[in-house]
Structure formats: C-alpha cells, structure tokens
Amino acid sequence: KIAVLDFGSQYSHLICRRIRDFEVHAVLLPHDISADKLRKEAPSGVVLSGGPSSVYKEGAPRPGAGVLEIGLPILGICYGHQVIVDGFGGKVRRANREYGSSLLSVDDDGDLLGGLGGSFRAWMSHGDEAEQVPPGFEIMGHTGGSSAAVIADRSRSIYGIQFHPEVAHTEQGSEILRNFVLKICGAKQEWTMDAFIDDAVDKMSGLEGNILCGVSGGIDSTVTALLIHKAVGDRLKCVFVDNGLLRHNEEAEVERIFKEEFGMRFTALYAAERFLEKLKGITDPEEKRKVVGGEFADVFSEYAEKNGPFRWLAQGTLYPDVVESGATGGPAAVIKSHHNVGGLPDRLGLEILEPLRELYKDEVRKIAARLGVPPGLVSRHPFPGPGLAVRIMGEVTPRKLGIAKAASKIVEEELEAAGLYDTVWQAYAAVGDDRAVGVVGDERRHGSIVTIRVVESLDAMTADWSRLPHGLLEKMSNRITNEIEEVTWVTYAISSKPPATIEPQ
Ligand code: XMP
C-alpha cells in the first residue's frame with residue numbers, strides 16, 4: 001500500500017487512482033497525520049501531494065513530526081517537492097510562475113527516471129522553486145524554468161519532483177509513478193478487483209440481520225446490492241422508489257434487471273403521484289431538491305418500518321465522498337445541494353453498510369462488469385437524484401414531464417445511433433414555460449421550447465458543450481418537433497461549465 005498525504009491539490013485523488021492502476025492499494029490521508037498513525041497504515045512508501053500553499057508562509061501545511069524521517073521511500077510532488085526541499089534543509093523561494101507543459105531534461109536516469117529517455121514534456125503549475133537543494137540531495141532533472149525540477153537522496157530513497165506525474169499532460173508520468181511505487185517502494189500488487197470482491201464478500205458473509213438497500217438503477221447502488229447479495233443472499237432486500245421523475249421506461253427496466261437478471265428480492269414503490277402532489281406550485285430549484293429528497297426519505301422509511309425488522313442500511317458511498325466528509329479545512333461553497341438524502345440511517349435506527357467506500361468510480365465499473373451487470377447499465381449516463389425535477393424549469397407538471405421524457409429519449413436514441421453516446425458525459429432535453437410559435441399545416445401553434453444539452457466532461461466539475469455534427473442536431477430537432485406535438489422549437493445549449501452548470505437548475 002502507498003500512503004498519499006493530501007496537501008490540498010486538486011489532483012490528490014488522481015495520484016491514488018494512478019497508483020491503483022498498478023494494482024497497488026493507495027489511500028489518501030490528511031497531510032498532518034502523525035508518524036505513529038502513518039506507521040499503523042503499514043505503507044510501503046509515502047507520496048506528498050501538491051497543494052496551493054507556499055512552504056515559507058506562516059501556517060503553511062507541513063507533515064506531522066517525524067514523518068519525513070519515517071524511514072520509508074518518499075516522493076514529493078509540486079508542493080510536496082518543496083516540503084522535501086524545506087524539510088531536509090534546502091531553500092525554497094518565490095519564482096516566476098511556471099504553468100503548462102515544459103521540456104524536462106533528464107540529468108540522471110537512475111531509478112526514478114529510469115527508462116524515460118533524455119527528455120520529456122512535463123506538466124508544471126507552480127510559483128515557488130527550490131533555490132538551494134538540501135545536503136545529500138542531487139539533481140536528477142531540470143527544465144528551462146526550474147534548475148532542480150527532480151531531486152533525490154537515493155541513500156534514503158527520498159525524491160522530489162516539481163511537475164505533476166499524475167496528470168495525462170505529463171508524458172510518461174505514469175512510468176515515473178510506476179518506478180517509484182513498484183521499483184523503489186517494492187509495493188505489492190495485490191489491489192485487484194477480483195481480490196476486492198472476494199474480500200468484501202468474505203467480510204460481509206458474517207453479518208447478522210436483514211439488510212435494506214435503496215437502489216436507483218445507477219451503477220453504485222446496483223454494485224452495492226450485488227456484492228451484498230453474494231454475501232448474504234436473500235437477507236438483502238432491494239427497494240426502488242419510482243418518483244415519476246425518471247428517464248423514459250427506467251422504472252420497468254430496473255425492475256426487470258433486478259428481478260429477472262439478478263434474481264434478487266426487489267420491491268418497487270410506485271410513488272409518482274405523491275411526489276408530483278408535493279411538487280405542485282414549487283418553482284425554486286433548491287426547494288424542489290428538498291421536496292424530492294424529503295419525500296424519498298418518507299416513502300422509504302414507511303416501507304422500512306412496515307416490512308422490517310432490518311438491521312442494516314446499505315449505501316453506495318464511494319471513496320472521494322468518504323475522504324471529503326472526513327477532511328478538515330474550509331467548507332466548499334455549495335452551489336447546488338447535491339446527493340443529500342441525509343438522516344435516513346438515524347431516522348430508521350439502522351447501521352450503515354458501505355461496501356464501496358474504498359473504491360473509485362472506475363473501480364466500481366470494473367466490478368460491475370465482473371459481476372455481470374448489463375453493459376447498458378454500466379455505461380448509462382449519470383442522472384441526478386432529483387431527476388427531471390431539475391431539468392424542468394418552473395413548476396413540474398405532467399405535461400412538461402411528458403415532454404422532457406419523450407424529447408430526452410430522442411436525444412439518447414439519436415446519439416446512440418450516431419455511435420456518440422459513450423463519448424459524451426450527459427445528454428438530455430430540458431423544458432420550461434417559454435413558448436414559441438410554430439406552424440403545422442396551415443395552423444399556427446403556440447408550443448413549448450425544448451433545449452437539448454449535451455456535454456463532455458471528465459468528472460462533472462467542469463464541462464464543455466459537445467460540438468455535435470449539425471446533421472445530428474437537425475435530426476434530433478426534426479424528430480422532437482414531429483413526434484412531440486406540444487413542442488414547436490428546439491434549441492441547443494452552448495454554455496460550458498463554468499459559468500453554466502450541467503443541469504439547468
Ligand atoms: P451541475 O449541474 O452542478 O451537475 O453541473 C454536476 C453533476 O451533478 C449532477 N447533479 C445532481 N446529482 N443530485 C444528484 O444526485 C442533485 O441534486 C444534482 N444536481 C446535479 C448532474 O447531473 C451532473 O452530473
């Protein structure tokens with residue numbers, strides 16, 4: 001296992017994911033973890049992540065006492081590099097900001113830079129640099145802007161690199177991490193998804209009592225249910241709440257897969273009317289989210305109380321959420337209140353079971369494939385918890401719901417037909433209260449305006465509108481106005497995130 005200490009870089013999780021690509025377990029730990037606690041994790045090596053601070057600033061984040069002297073191989077990246085320079089007696093100074101791709105010249109192709117050739121392009125993003133290399137360290141690589149871009153004290157296996165090997169823009173960045181993790185740390189390659197499945201099933205097979213799992217048809221809750229089912233069989237009960245805000249035919253498809261393909265105990269609660277009743281007259285997006293979340297909790301709790309007793313509530317929480325909720329530091333600005341149907345376990349007096357809490361999304365996808373989840377479900381675009389309520393501007397009405405479902409289905413079908421569905425992040429059609437005039441035959445009609453939104457993204461933090469071929473957009477538009485009588489105009493959303501968000505609300 002490799003311990004990655006998080007100094008606040010946006011890439012900290014990415015370092016863990018890259019290391020896991022080598023089938024080595026990587027965990028993200030607080031930057032100031034004590035040497036004792038770190039030792040208990042029994043890592044083969046330590047990575048110090050990048051971060052936004054400067055080591056010479058008052059209050060700059062530092063590793064815990066004794067961590068740098070812990071006797072394990074250490075790799076410092078960007079800010080972590082400066083932590084090493086500073087911590088071992090060198091000097092860091094403010095420099096011209098170096099941002100983007102730089103040519104890195106290899107001065108010493110020993111262990112860390114072994115097999116990389118004489119030079120490669122490396123991704124830089126820093127405003128400080130090593131002015132004086134600490135005693136005992138040598139320079140292994142430099143760029144035009146940083147004379148000490150790669151340094152090492154090989155006798156102690158301590159390394160510092162100014163650039164970011166974890167980002168795709170660094171050529172052979174993955175090789176550098178591989179050299180560190182496998183050659184220098186000698187970490188064991190035991191982190192495979194097959195081993196994970198065996199281990200998780202083994203651990204959960206000892207659980208007593210009945211388990212309740214809310215499933216949405218999304219990959220996280222599906223894999224959660226499958227793993228638990230493997231361990232405890234029919235002591236697991238899956239419950240699906242049809243809130244009436246789902247994609248076309250989604251409820252029927254989820255029911256079919258869970259019952260027929262997986263053979264699980266599965267109950268669908270048809271609650272569309274309740275949700276629509278509660279949403280009546282509500283136009284504020286955050287209010288809609290609250291109503292949908294609250295109603296879900298009510299419907300789910302009523303079921304649990306009547307059909308228990310249950311001891312466990314299973315949730316598909318993933319690693320980034322676990323780390324985030326344990327992290328200190330300032331609260332991130334809440335732009336939209338996501339994902340929080342909180343309070344259920346307390347309300348129901350259940351213990352929480354989170355078999356995916358150590359995993360990243362791509363790892364969950366691998367497990368899904370191994371457990372026989374239909375490929376259509378694995379590759380289906382993410383869908384927000386409040387569903388179509390945030391894709392309908394203004395009040396949620398049956399009319400607008402019908403339009404959003406039918407138009408989104410056409411968008412998805414045409415993307416599939418063009419072979420582009422898997423290349424985009426999300427794709428749908430939104431509708432609001434705006435109307436525009438259309439002519440059908442001789443008749444003028446005042447119909448709805450539908451907005452197609454198709455975006456490309458890696459993690460939903462930023463997104464770009466997809467430059468779909470005009471012919472494809474035309475086909476979508478024609479089908480929407482031909483097949484959905486209430487629609488007269490189709491528009492295409494060409495705003496990226498930021499400043500826009502992916503969902504219209
Ligand atoms: P935005 O619109 O903030 O969306 O750019 C980023 C990602 O989050 C999804 N999303 C939600 N997911 N509950 C959810 O479970 C929500 O309230 C919610 N709002 C947005 C959105 O679909 C996109 O993938």
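The values are calculated or read from the model by the stated rules, or taken from the named source; none is laboratory data. Just so you know, these numbers come straight off a predicted model, no measurement behind them. All Cβ positions, even for glycine, are placed from backbone atoms using ideal geometry, and neighbour counts span all protein chains on display.
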Residue in the stretch 224-244 that is among the polar types (S, T, N, Q) and surrounded by fewer than 20 Cβ atoms within 10 Å (Cβ to Cβ) present: no
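Per-residue answers, yes or no, for (1) closer than 21 Å to ASP284 by Cα; (2) assigned by TED's automatic domain parsing to the domain that holds GLU251; (3) not acidic (Asp, Glu):
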| site | (1), (2), (3) |
| --- | --- |
| LEU401 | yes, no, yes |
| VAL411 | no, no, yes |
| TRP425 | no, no, yes |
| SER448 | yes, no, yes |
| VAL455 | no, no, yes |
| ASP464 | no, no, no |
| HIS470 | no, no, yes |
Selection count, the stretch 102-131, where residues are within 29 Å of the chain's Cα centre (by Cα) and surrounded by 14 or more Cβ atoms within 10 Å (Cβ to Cβ): 7
Within the stretch 479-492, tally of residues that are in contact (Cβ under 8 Å) with a residue 60 or more places away in the chain and either part of a helix (DSSP H, G or I) or within 15 Å of the ligand (Cβ to nearest atom) (or both): 3
Check on LEU356, out of contact with any Lys or Arg (no Cβ under 9 Å at 6 or more places or on another chain) and either surrounded by 17 or more Cβ atoms within 10 Å (Cβ to Cβ) or modelled with pLDDT of 95 or more (or both): yes
Helices (runs of 4 or more DSSP H) contained entirely in the stretch 153-233, each with at least 1 residues that are assigned by TED's automatic domain parsing to the domain that holds LEU75 and in contact with a Pro (Cβ under 7 Å, 6 or more places away or on another chain): 173-178
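Conditions tested, residue by residue: (1) within 16 Å of the ligand (Cβ to nearest atom); (2) part of a helix (DSSP H, G or I); (3) at negative phi.
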site	(1), (2), (3)
ALA389	yes, yes, yes
GLU395	no, no, yes
LYS400	no, yes, yes
ILE403	no, yes, yes
ALA407	no, yes, yes
ILE410	no, yes, yes
ALA427	yes, no, yes
GLY432	yes, no, yes
Any hit, the stretch 193-216, residues being closer than 16 Å to LEU359 by Cα and in contact with a strand residue (DSSP E or B) (Cβ under 6 Å, 6 or more places away or on another chain): no
Checking GLY206 against (1) without any contact (Cβ under 8 Å) to a residue 12 or more places away in the chain; (2) buried (at least 18 other Cβ atoms within 10 Å of the Cβ), the condition it does not meet: (2)
Condition check for VAL454: away from the ligand (no atom under 16 Å from the Cβ) and in contact with a Ser or Thr (Cβ under 7 Å, 6 or more places away or on another chain): no
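Rundown of residues vs (1) assigned to a helix (DSSP H, G or I); (2) in contact with a strand residue (DSSP E or B) (Cβ under 7 Å, 6 or more places away or on another chain), yes/no style:
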residue	(1), (2)
PHE258	yes, yes
LEU269	no, yes
ARG274	yes, no
GLU287	yes, no
VAL292	yes, no
GLU295	yes, no
VAL299	yes, yes
GLU302	yes, no
Residue list for the stretch 355-387, restricted to those being more than 16 Å from the ligand (Cβ to nearest atom) and of a type in the set (Lys, Arg): ARG357, LYS366, ARG370
Looking only at the stretch 414-425, and only at residues there that are surrounded by 15 or more Cβ atoms within 10 Å (Cβ to Cβ) and more than 14 Å from the ligand (Cβ to nearest atom), the one that is farthest from PRO504 (Cα to Cα): ALA418
Hey, ALA460 of a type in the set (A, V, I, L, M), at positive phi, within 16 Å of the ligand (Cβ to nearest atom) and in a loop (DSSP other than H, G, I, E, B) or not: yes
Subset of the stretch 466-478 that is within 26 Å of the chain's Cα centre (by Cα) and crowded, with 17+ Cβ neighbours inside 10 Å - its residue that is nearest to the ligand (Cβ to nearest atom): SER466
Given (1) more than 29 Å from TYR319 (Cβ to Cβ); (2) of a type in the set (Ser, Thr, Tyr); (3) within 18 Å of the chain's Cα centre (by Cα), number of the condition THR423 does not satisfy: (1)
